[in-house]
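Quick notes on the structure that follows.
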Amino acid sequence: MYLWQSAIIAGIALPLIFLAIRDTPESLGLQVDGTTARNSTAIKAAVFGKSLKEACADGQYWLMLGTFLLIGSAVTSIIFHIVPLLKVRGESSQLAAEAQASLWIVLVVGRISTGWLMDRFFGPRVALAFLILPIVGISLLASGVTGPAAFAAAILVGLAAGAEADIIAYLVSRYFGLKHYAMIYATYFAIYALGSGVGPAGTAWAVERAGGYGPVLWVLAGLLCVAAVLLLRFRPFPEAYRPAPAFALATR
């Protein structure tokens, strides 16, 4: 299998990279974000937002930080523990691996559908909707389901895993603007990654001491319930950071 995977990367991915990827927008006659030289200056002048220091003085910054720390910890814990969880319950290694594979497949669906929904609805409400799915999935796993029901639970968790990390990037731009976007977003990605590392390790430690996955899974579901309550407290986007059409920016 590893040899086949290597062949796919070498035979398909690498040629596409060399044929399609460009180092700079200028190589295609464009500026950053696909703008032309004529309107790029106006668009750059219209980019504004908070600095990291200013963002840290905003309660919304810390509310988001805590919310996505909880989400990263709980969701990633399930992703990494689905295989040993099912094997402990008597399922075969093949079925456990297939359950985890189904989780990663629907992750792609979660990302695409999240983007479509956030173009149409308030971002934190979209995040809340996708958070309900892993709460249901983890509750199913905590109740002891196996077989097809375990597959369904994994799919629910996978949809959220594909949605929540991408929602962070969107919310940062809407709450704090684009002027210092990279620095502010880096702190959120770091805290999400921290949760993704600490969560699975903490789950393994807790499972050993609890004597099984059941009680620990209910705790993870509870963490996501807390995150859902926090999402309800997210305020509306500041008017100044809502996107304007490109043609409007070019005429300023």
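Scanning for something more than 23 Å from Ala55 (Cα to Cα), out of contact with any Leu (no Cβ under 7 Å at 6 or more places or on another chain) and not acidic (Asp, Glu), does segment 168-180 turn up at least one residue?
Taking segment 168-180 first, the residues more than 23 Å from Ala55 (Cα to Cα) are none.
There is no residue in segment 168-180 that is more than 23 Å from Ala55 (Cα to Cα), out of contact with any Leu (no Cβ under 7 Å at 6 or more places or on another chain) and not acidic (Asp, Glu).
Considering Gly158, Gly137, Gly110, Gly123, the condition of being touching a Leu at 6+ places or on another chain (Cβ under 7 Å), closer than 20 Å to Tyr61 by Cα and touching a residue at least 40 places away in the same chain (Cβ under 8 Å) is satisfied by Gly123 alone. If you check Gly177, Gly110 for being crowded, with 17+ Cβ neighbours inside 10 Å, at positive phi and at pLDDT below 90, only one passes: Gly177. From the list Gly158, Gly222, Gly162, Gly199, the one residue that fits, being modelled with pLDDT of 90 or more, buried (at least 16 other Cβ atoms within 10 Å of the Cβ) and closer than 20 Å to Ile138 by Cβ, is Gly199. All of Tyr213, Tyr185, Tyr192, Tyr170 fail the test of being out of contact with any strand residue (DSSP E or B) (no Cβ under 7 Å at 6 or more places or on another chain), assigned by TED's automatic domain parsing to the domain that holds Leu70, within 14 Å of Ser73 (Cα to Cα) and among the hydroxyl-bearing types (Ser, Thr, Tyr), apart from Tyr192. Looking across segment 3-55, the residues that are at pLDDT 85 or above, under 28 Å from Ser173 (Cβ atoms) and either part of a loop (DSSP other than H, G, I, E, B) or more than 27 Å from the chain's Cα centre (by Cα) (or both) come down to Lys50, Ser51.
Is it true that Ala150 is within 17 Å of Leu220 (Cβ to Cβ), assigned by TED's automatic domain parsing to the domain that holds His81, of a type in the set (Gly, Ala, Ser) and in a helix (DSSP H, G or I)? Lay out the reasoning, then the answer.
Working: within 17 Å of Leu220 (Cβ to Cβ): yes; assigned by TED's automatic domain parsing to the domain that holds His81: yes; of a type in the set (Gly, Ala, Ser): yes; in a helix (DSSP H, G or I): yes.
Yes: the conditions hold for Ala150.
The values are calculated or read from the model by the stated rules, or taken from the named source; none is laboratory data. Computed from a predicted model, the values in this text were never measured in an experiment. Don't worry about glycine lacking a Cβ; one is built from the backbone with ideal geometry, like all the others, and counts go over all protein chains shown.
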